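Only one structure is covered here, and it is reproduced in the block below.
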Amino acid sequence: MHESPSLRVPASPRPRVSFKSGGRKEEICSYFRKYQLKQTMNEQQLLARIIINPKIFGGKPIIRGRRLAVEHILGMLAAGDTIETLLESYPWLEREDIQACLVYARRLVAHEQ
């Protein structure tokens, strides 16, 4: 008979799991739910860098209270500027700020809050 190959989970620890063993499928699902929750928590931390203040730029999303709009960062990236160029142009800007802009845009497109 043909044995099903074992499934490798891409993050450490990398458990070797065969669907033949009972209850292991639920273990895998639980593992991925934890990974997804961890990723969501990281996104929440990144999104905390994006501020909406009605007194600045008419309420457009900005980065950490600075007068730099998320749309400006996205526009520069869309125009072909690199992250390194952005970091050089704005010395106070951090890589995580740029990542926060991308997460914000993804969630907006996906209609997530």
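Can you pull out the residues in region 64-102 that are hydrophobic (A, V, I, L, M, F, W, C) and in contact with a Lys or Arg (Cβ under 6 Å, 6 or more places away or on another chain)? Hits for region 64-102 are ALA69, ALA100. Just one residue in the set LEU87, LEU93, LEU46, LEU77 is modelled with pLDDT of 90 or more and within 16 Å of the chain's Cα centre (by Cα); that residue is LEU46. Scanning region 55-108 for residues that are more than 15 Å from GLU43 (Cα to Cα) and assigned to a helix (DSSP H, G or I) yields a count of 19.
The values are calculated or read from the model by the stated rules, or taken from the named source; none is laboratory data. The shown structure was predicted, so the numbers you read here are calculated from the model rather than taken from an experiment. For neighbour counting, all protein chains shown are included, and Cβ atoms are generated from backbone atoms with ideal geometry for every residue, glycine included.
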